[in-house]
Structure formats: C-alpha cells, structure tokens
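First up is the structure itself, then whatever we jot down about it.
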Amino acid sequence: MADFLTVALVCASTLAAPDCSRETALDVAVAPAPTPMACLMQGETLAAQSGFVRARETYLKVACERRRTAALRPATEAR
C-alpha cells in the first residue's frame, strides 16, 4: 500500500493559494503515491488528465498527504 496520497486541487484564480484546500477547491483529484517525489510529479499528471485547469480562471495546487490508517482496537473481553 502506498504511504502517501497525491491531492491535486483546482482552485479559482480569485482564491489565495493559502486558502485553497479540499473544501474550497473547484475540483479535487486524489491518487496513491509510493514516495513524496512521486506524489509531487503525479499531481501535474492528474491535473493534465482531468482537463479542469483553465488558464486565467483557475490554478493547480498539489499537496502530498501521508495516508491515514485506522488504529486497530483489541477485542473487548466478555464479562
């Protein structure tokens, strides 16, 4: 399983880059990535394939996130 997620955010050009997030983006593409370097390189590819980035109207922001895993809880004992 990949340890990272590539998150490609397509945001409106009127939105400041620090404010561009999954919640404020016009479009979001997510894909697994094995390394941080692969994550960054893959972001450009995701955006290009989507066709959502439009000059002057939008911009691309790529983020790499560490994949979250659910913690396993020990089974509770019956009383």
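The values are calculated or read from the model by the stated rules, or taken from the named source; none is laboratory data. Just so it is clear, the structure is predicted and the values come from calculations on it, not from any experiment. We place every Cβ from the backbone using ideal geometry, glycine too, and count neighbours over all the protein chains shown.
Okay, here's what the table says:
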item	result
Residues located in the range 30-75, provided they are outside any loop (DSSP other than H, G, I, E, B), at pLDDT 75 or above and of a type in the set (S, T, Y)	T45, T58, Y59
Output for the range 4-53, where each listed residue is surrounded by fewer than 15 Cβ atoms within 10 Å (Cβ to Cβ) and in contact with a Ser or Thr (Cβ under 8 Å, 6 or more places away or on another chain)	A12, S13, V30, P32
